[in-house]
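Report on the following structure.
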Amino acid sequence: MRRVVLTLATEIGGLIRVINLIVLIGSLAGCKAKPEDVPPVPAPTTTTTTTTPGAPHDGVSLLQPGTAPLEALRYHLTKGDKTTSELVWDFDAKTDGKSDPVPTLVFDLETTVEGVAADGTAKLALTVTRTSVRPRPGRAASELFRHEVLAMRGITLHELLAPDGQLSGAQLDTAHLTDAVRTRLESLTHSLELAAMRLPAEPVGATARWRERRTLPEGGIRAVAETTYTLTSRTGTMLTYTAASSSSGAPQTLEQDGLQVDVTDTRGRAEAKGAVDLAHYSPQVSATSSFTTAMNVHAPKDTPGAGPSTIEITMALSVAPAPPVHGDDAAAP
């Protein structure tokens, strides 16, 4: 059916990325093969959208400062600091109401602060130390799927964390990996960027609210995602928050291998709650997301996947401190 890309997003923007790499290509391929058996396919090469003059700019804007005392929120990490976390991810996709659940994926990550620049920007190294697959009702993992997930162990991602929480400069050595595994890791990279909560420039206190607006990049379905954060508490360097996201995309046309796909009614929502330690990069989050879009593939009538279809995506994600690994668990696939 659709090609599975392991996007582990905590906000609606991650679902757009999934749609870009799974749904469109799945529609063009006729949705007949199992997700893990479909070979990698390049992303759409052309996107045409309708733009609105004077549209709002991307970035973070403060909605309300909250209650006193007000303080600036900034990461201040220490070189050599290490944290471990477990990421659990569930994904479901429906095409015209037909579901294709994917097994639950579990990643253990070790994050090391390799250095901190004078401006407070930290260089992070995130290593996948362990992976596993948990069967779900209606979806057992194939041996190929398990092998691809196992191949992700030991991979290290290097990226920069700005004091305001923005991640950038991701570098991932995937030259020795298969295309399928490389795609999964690149999706993990995008998801970690999305998982970083951006902080406002102004001093804030409890009950503060701010919004991040993000235009999703070229190369697939174009949409705008807005996430509103509410600071629920601050104790020392620890913050707790809730977040609500929404996304929408204007009617647009994408091209892939000479075929045209009209995309309409693009929309989504997400909710999350979590905690952030400004002295250690160890985000904790629990999130759910949903996304829907309608497509019409212009192709000869005998082409598999031609014509209209409706795509629905749902995801659930949790990130928490990694539990101890005992005995045979350390070797679990």
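The values are calculated or read from the model by the stated rules, or taken from the named source; none is laboratory data. As the structure is a prediction and not an experimental result, all values here were calculated from the model. We place every Cβ from the backbone using ideal geometry, glycine too, and count neighbours over all the protein chains shown. For accessibility, only protein heavy atoms count, side chains too; no ligands or nucleic acids. Shrake-Rupley method; radii C 1.70, N 1.55, O 1.52, S 1.80 Å.
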(message) Please list 3J(HN,Hα) in residue order for segment 246-253, calculated via the Karplus relation 6.51 cos²θ - 1.76 cosθ + 1.60 where θ = phi - 60°; whole Hz, with x for glycine and proline.
(response) 9, 9, 7, x, 6, x, 8, 10
(request) Compare the peptides 150-157, 107-114, 64-71 by average per-residue count of other Cβ atoms within 10 angstrom and give them in order, highest first. (result) 107-114, 150-157, 64-71
(request) Based on the mean of other Cβ atoms within 10 Å per residue, sort peptides 276-284, 236-244 so the most packed one is first. (result) 276-284, 236-244
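What full-extension length gain, to one decimal in nm, is calculated for THR127 and THR156 as 0.36 nm per residue of separation minus the Cα-Cα distance?
Working: separation 29, 0.36 × 29 = 10.44 nm, distance 0.42 nm.
Gain on extension, THR127 to THR156, equals 10.0 nm.
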(request) Mind checking segment 207-256 for GluC sites (Glu not before Pro) that DSSP puts in a loop (not H, G, I, E or B) and that have at most 14 other Cβ atoms within 10 Å? (result) GLU218
(message) In whole Hz and in residue order, list the ³J(HN,Hα) couplings for segment 282-294 that follow from phi through the Karplus curve 6.51 cos²θ - 1.76 cosθ + 1.60, θ = phi - 60°; x for Gly and Pro.
(response) 9, x, 10, 7, 10, 9, 10, 9, 9, 8, 9, 8, 10
(request) Could you go through segment 153-164 in sequence order and give the Karplus-derived ³J(HN,Hα) for each residue, using 6.51 cos²θ - 1.76 cosθ + 1.60 with θ = phi - 60°, rounded to whole Hz, and x for Gly and Pro? (result) 5, x, 6, 10, 9, 10, 7, 10, 10, 6, x, 8
(request) State the percentage of accessible surface on segment 221-279 attributable to carbon and sulfur atoms; use a 1.4 Å probe and exclude ligands, DNA and RNA. (result) 48
(message) Taking the solvent-accessible surface of protein heavy atoms with a 1.4 Å probe, what is the per residue accessible area of segment 74-158 in Å²?
(response) 44
(request) Run the quick spin-label model on ASP58 and HIS176: label points 7 Å from Cα toward the beta carbon, then report their separation in nm to one decimal. (result) 3.4
(request) Mind grabbing the base-10 log of I(q)/I(0) for segment 78-158 at q = 0.17 Å⁻¹? Debye formula, identical points on the C-alpha positions, no solvent, two decimal places. (result) -0.75
(request) Pull up all non-local amide H partners of SER282: gap of 5 or more, or a different chain, and H-to-H distance under 5 Å with H placed in the peptide plane. (result) ASP277
(message) For segment 61-117, which trypsin sites (Lys or Arg not before Pro) pass both filters: DSSP loop (anything but H, G, I, E, B) and at most 15 other C-beta atoms within 10 Å?
(response) ARG74, LYS79
